[in-house]
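Student: Before anything else, here's the structure in question.
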Amino acid sequence: MQPDSIRDKSLKPDEPVTNQLPKLGFLGVGWIGRNRLEAIAKHQAGEVVYLSDPAANNVADALKMATQAQTAASLPEMLASGVDGIVIATPSALHAEQAIAALNAGKAVFCQKPLGRNQTETKAVVEAARSADKLLGVDLSYRYILAMQEVYRVIQSGELGTIYGVELIFHNAYGPDKPWFYDPALSGGGCVIDLGVHLVDLALWCLQFPEVETVTSSLFSKGQPLTATPNQVEDYATASIQLQTGTHLQLTCSWNLPAGQEAIISAVFYGTNGGVAFKNTSGSFYNFTAERYYGTRTETLFSSPDDWSGRAGVVWANRVAAGEKFNPEAEEYVKVAAALDKIYKR
C-alpha cells in the first residue's frame, strides 16, 4: 500500500464516499466484531445488512447497533444473500477457510488478524483474493493510529538517516479470556501471533518490507522454555530478527506479565541521525504518542486523543465503495506470516 494512500484514507475516515455504500455481512460479532461494525456504521462507510454469530447474546447486542440488519445462520447463507463484502471476526482457526470461501464467492474480505495461522494459510487466502480480483484487508489496526502515522512519515522522509536498530515491545498484563487462544492448533501460537504480529508488521511496513535474513527466538510458557507439546502456547517471547538491509529488529512480547501497568507497547526506530518512537501512554491500550529523539532531547510529534479503534475497517469499506479490486499490497500479509513462522521455528 502506498504511503500517501494510507495517510489520506486513514486520516479522513469521515469523508463521504460518493459511490454506493457496500452491503456488508459481519461474521462473528463478539466484542471486536461489534466494535468494527460500530465504526463502519458510524462513519457511514458501509451498510450492515447481515450478522452471524453462534452466540445469541452477541447477535442481540449487535442488532442494537444495526437495527435494520438480518441474521444469518451460517456463512453460506450470508454469501448467498448478495452482500458485497464480509467482515470476519471469528476464532483464528476459521479465518483462512472463511476468507477463502467469501473470496471464491466474489466478496471483498476484511479479516481480523491473523489472516492465517501460518504462512501457508495466509498465502492461500491472498491467492484466492488475487484469483477473485477482490479487495482483501486485514485488521492490522496499529498502522492507522495517528501517532504511528507520524512515525511512518518521519521514517519515509529519510530524516533518520540509516535505520540500524528497531526495538519492539508489547506486554499485556492480562491474557485472552477464550480457551481457544491457548490451543496452538486453533490459535497458531500465543502472544507472538496475537500481539507480536502488530509490531512485526509495523516494523516491516515502515522499512518497506525488506527480506528477513535470520531469526533467533526464545519462547516461554509459565516461566519455562516452551516445549513441543501440542497443548502449549507461549506467554513470553523474545526474537532477534536480522534484515537483509542490515537493520536489526528486537521483539519482546507477553501475556500476563507483571509489568506494573496494564500494557507496555512501543516501536522505536534508531537511525544515524536520531530516533523516532511510537509508544502507549500511562499503560493504556488506547492512547499513544509519537516522539522524535535528538540525542538527549525529545520532541513530541503527536499525542492522544485519537479515536482510532475500527479505523482500518472504515478505510477498507471506503475502498470497496470506491470499486477497488485486488491490490498486491496483500503480499505484505504473507511476508509478516513468514517472519512469524521463523520466530516459531516452523
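The values are calculated or read from the model by the stated rules, or taken from the named source; none is laboratory data. Note that this is a predicted model, so its numbers are computed, not measured. Because the Cβ atoms are built from the backbone with ideal geometry, glycine has one as well, and the counts that use them run over all protein chains shown. Remember, those area values only see protein heavy atoms, side chains included, never the ligands or the DNA or RNA. Shrake-Rupley method; radii C 1.70, N 1.55, O 1.52, S 1.80 Å.
Student: Just for the range 96-112: of the residues that are surrounded by 20 or more Cβ atoms within 10 Å (Cβ to Cβ) and in a loop (DSSP other than H, G, I, E, B), which one is nearest to the chain's Cα centre (by Cα)?
Tutor: Top of the filtered list is 112.
Student: Those residues that are under 26 Å from residue 145 (Cβ atoms) and either open to solvent by less than 60 Å² (accessible area, probe 1.4 Å) or in a loop (DSSP other than H, G, I, E, B) (or both), I need them from the range 216-236; list them, please.
Tutor: Within the range 216-236, 234, 235 meet the criteria.
Student: Here's something else I'd like to know. With part of a helix (DSSP H, G or I), among the acidic types (Asp, Glu) and either open to solvent by 20 Å² or more (accessible area, probe 1.4 Å) or in contact with a strand residue (DSSP E or B) (Cβ under 8 Å, 6 or more places away or on another chain) (or both) as the only criterion, which of 177, 194 stands out?
Tutor: 194
Student: While we're looking at this one, here's another question. Condition test on residue 93, is it more than 22 Å from residue 198 (Cα to Cα) and either of a type in the set (A, V, I, L, M, F, W, C) or not in a strand (DSSP E or B) (or both)?
Tutor: In short, no.
Student: Can you find even one residue in the range 332-341 that is open to solvent by 10 Å² or more (accessible area, probe 1.4 Å), touching a strand residue (DSSP E or B) at 6+ places or on another chain (Cβ under 6 Å) and outside any strand (DSSP E or B)?
Tutor: Among the residues of the range 332-341, at least one is open to solvent by 10 Å² or more (accessible area, probe 1.4 Å), touching a strand residue (DSSP E or B) at 6+ places or on another chain (Cβ under 6 Å) and outside any strand (DSSP E or B), which makes the answer yes.
Student: So which residues in the range 117-136 are open to solvent by 10 Å² or more (accessible area, probe 1.4 Å) and either assigned to a loop (DSSP other than H, G, I, E, B) or touching a Phe, Trp or Tyr at 6+ places or on another chain (Cβ under 9 Å) (or both)?
Tutor: Residues satisfying the conditions are 117, 118, 123, 130, 131, 132, 133, 134.
Student: Which residues, taken from the range 233-268, are polar (S, T, N, Q) and touching a Gly at 6+ places or on another chain (Cβ under 8 Å)?
Tutor: Listed by number, the residues that qualify are 247, 250, 256, 261.
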